[in-house]
Amino acid sequence: MSQEKASNRMWGGRFASGPDAVMEAINASIGFDRKLYAQDIRGSLAHAAMLAKTGIISAEDEKKIAEGLNAILAEIEEGKFAFSTKLEDIHMNVEARLAELIGPAAGRLHTARSRNDQVAVDFRLWVKEELQRIDAALGRLIEALLSRAEEHAATVMPGFTHLQAAQPVTFGHHLMAYVEMFGRDRSRVRDAIARLDECPLGAAALAGTSFPIDRHMTAEALGFREPTRNSIDSVSDRDFALEFLAVAAICATHLSRLAEEIVIWSTPQFGFIRLSDAFSTGSSIMPQKKNPDAAELIRAKTGRVNGHLIGLLTVMKGLPLAYSKDMQEDKEAVFDAAETLDLMLAAMTGMVGDMEVNAAAMRKAAGAGFSTATDLADWLVREAGLPFREAHHVTGRAVALAEEKKCGLEKLPLADLQAIHPAITEGVYSVLSVANSVKSRTSYGGTAPSEVRKQIRAWRKRLKRDARPHKNR
């Protein structure tokens, strides 16, 4: 049978001839939704098994369907399957090939099912599996950050606000800020999985079906927590895809922020880190250059992921219930965002583990810009009993004097400090060094090395707990 005849038959008697070339080009989705082949076949196997168990089709037909579907799966995975744009999408391509392999029994597979609930279940399965991959990738990135944070729990560096040196912190503490961010990303991934973990199969076109199907059976067979509860909503919404893109965009933004810092840190002006050749490139004209291209590309690809989120939000914003063909535009955005985020996570995990840290450069920079000024103000409050606003004013005068003398606060003579305020004693020098400043920040979540190590231990326990398998993850 020709593909054109097969296409006409799949449409049914309403259409006497196939679509013209333009309609075929705009209507076909097989160029990208072939990625759903495994999920489509898996959903069809579960549907066929349920139809047989409920007596809607015979056991003999179900056996033929299962054998045919498994044969098609093997053909696709071996690269032997001939995809056709005339057959429009992955569902019709698989069904047409099934008819070629097993004959009339193939026509029974679509009983009590529509392409609307079929694509919804395929896409949910794919997104769920991709979220599980991202969950694992985030775990690996967090592990890499924890290892570097532990190594540099006491390595002093400048902490910044407005990209100006603010207060000294440790590099370990700085990296742990990203552990917290990626930890929340991981939490969002798991929340998204929990929300999409409902099976739309059996909702049919939009109204359900009059056949005595068992939707709980298919939901369980496909690894979903339960079936969806409203047939219209089941086929007409893509908030699980939107949530995937939102999660991806937030995670990509966190990756971009770290990438930006890697770019800055690796400049000769900062010199805080050095990336190996594995994550850098050279210049075609300037032999001395070593460019942090992997970090720059992570930064750039974030725009791509963010764009996909806005794109799909715009597609969905005006659609009346139930299904509209507009929703075919959901997959390319999700597929590309997933592929992009997977690559970004792998590259960042590699860079974190690979970068060489220049602790001496960090330590030198930590003392610049009068970064212990807040420590002086705190000392005046704690030891001299000054109100904080007065202590802030006194500290400002000390900073102005140090600036005039072109020295650090810790280099100002005691007499000069006492001329600013007589309550200042020699004990103030115990807080004016960056090392002592960092050690003193022992509040929960602070930058003191002891506190950083506590947080690292807590995170390692959390990762072990999160690694335990649980139902329907």
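Derivation of every value follows stated rules applied to the coordinates shown; laboratory data play no part. Computed from a predicted structure; not experimentally measured. Virtual Cβ from ideal backbone geometry, glycine too; neighbours counted across all protein chains shown.
Here the Karplus relation 6.51 cos²θ - 1.76 cosθ + 1.60, evaluated at θ = phi - 60°, turns the backbone of the range 72-81 into coupling constants of 5, 4, 5, 4, 5, 5, 8, x, 9, 8 Hz, with x for every Gly and Pro. Centre-to-centre separation between the Cα atoms of the range 395-473 and those of the range 296-365: 35 Å.
If you take all other residues with their beta carbon under 13 Å from the beta carbon of ALA377, and give Lys and Arg +1 and Asp and Glu -1, the sum is -1. Rg and Dmax of the chain, based on Cα coordinates, read 30.5, 100 Å.
Taking 0.36 nm per residue of separation and subtracting the Cα-Cα distance, what length does fully extending VAL399 through ASN27 add?
This chain segment gains 127.0 nm when fully extended.
Under Stokes-Einstein, with the Kirkwood radius over Cα pairs as Rh, the value for the range 378-473 at 20 °C and 1.002 mPa s is 132 µm²/s. Scattering from the range 332-440 was approximated by placing one identical point on each alpha carbon and applying the Debye formula without solvent; log10 I(q)/I(0) at 0.18 1/Å stands at -0.84. Calculated translational diffusion coefficient of the range 97-178 (20 °C, 1.002 mPa s; Stokes-Einstein with Kirkwood radius over alpha-carbon pairs) equals 122 µm²/s.
Too long at a 30 Å Cα-Cα cut-off: which of LYS364/LYS461; LYS53/LYS325; LYS53/LYS128; LYS64/LYS86? The partial results should precede the final answer.
Working: LYS364/LYS461 34 Å; LYS53/LYS325 33 Å; LYS53/LYS128 27 Å; LYS64/LYS86 25 Å.
From the list (LYS364/LYS461; LYS53/LYS325; LYS53/LYS128; LYS64/LYS86), the Cα-Cα distance tops 30 Å for LYS364/LYS461; LYS53/LYS325.
What order, most packed first, do the peptides 96-107, 213-224 have when packing is the mean number of other Cβ atoms within 10 Å of each residue?
On the way: 96-107: 17.6, 213-224: 19.8.
Those peptides, ordered most packed to least, come out 213-224, 96-107.
The C-alpha atoms of the chain define a longest principal axis, and helix 449-467 lies at about 10 degrees to it.
Our summary gives the chain a relative contact order of 16 percent, counting only alpha carbon pairs under 8 angstrom and 6 or more residues apart.
A straight chain from SER276 to LYS464 at 0.36 nm per residue would run longer than the Cα-Cα distance by 64.6 nm. Take the alpha carbon gyration tensor of the range 311-384, find the square roots of its eigenvalues, order them as a ≥ b ≥ c, and report rounded if a/c is under 1.5; if not, report prolate when a/b exceeds b/c, else oblate. Note, shape of the range 311-384 comes out oblate.
Electrostatic bookkeeping for ASP185 treats Lys and Arg as +1 and Asp and Glu as -1; over the other residues with beta carbon under 15 Å from its beta carbon, the sum is 0.
Along the axis of the charge dipole computed for the chain (Cβ charges of +1 for Lys and Arg, -1 for Asp and Glu, origin at the Cα centre), the listed residues LEU131, GLY311, GLY183 are led at the positive end by GLY183.
The relative contact order of the range 166-320, computed from alpha carbon pairs under 8 Å that lie at least 6 residues apart in sequence, is 20 percent. The phi torsions of the range 394-408, fed into the Karplus equation with coefficients 6.51, -1.76 and 1.60 and a -60° offset, translate into couplings of 4, 5, x, 5, 5, 5, 4, 5, 5, 5, 5, 7, 6, 9, x Hz, rounded to whole numbers, with Gly and Pro shown as x.
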